[in-house]
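Worksheet: one structure, shown below.
Each reported figure results from applying straightforward, stated rules to the coordinates on display, with no laboratory input. Quick caveat, the model's predicted, so the values are computed rather than measured. All Cβ positions, glycine included, derive from the backbone under ideal geometry; neighbour counts span all protein chains shown.
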Amino acid sequence: MSHSTIYRICLLVVVILAIIGGIFYYVNYLESQAKVTEGTLVMEDSADGLQEDDTSVSMVAEWHKAVA
């Protein structure tokens with residue numbers, strides 16, 4: 001086998017290992033930390049049942065003004 005064939009095989013193996021490693025990383029680490037809200041913008045209540053401070057409400061109002 002020529003050197004270019006060996007070089008291509010080594011590169012292919014490195015790429016495949018990188019893809020498998022990325023999938024493994026995603027499945028084991030990132031998936032457990034992801035919080036899916038199904039694409040819906042929601043405002044959550046704080047732990048004591050009260051809404052967060054008024055700055056979050058005003059930020060949402062400013063965002064609505066900017067979008068409109």
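Values for this structure:
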| quantity | calculated |
| --- | --- |
| Potential extension, residue 23-residue 5 segment - 0.36 nm per residue separation minus Cα distance | 3.8 nm |
| Ranked by how many other beta carbons lie within 10 Å on average, peptides 14-20, 1-7 from highest | 14-20, 1-7 |
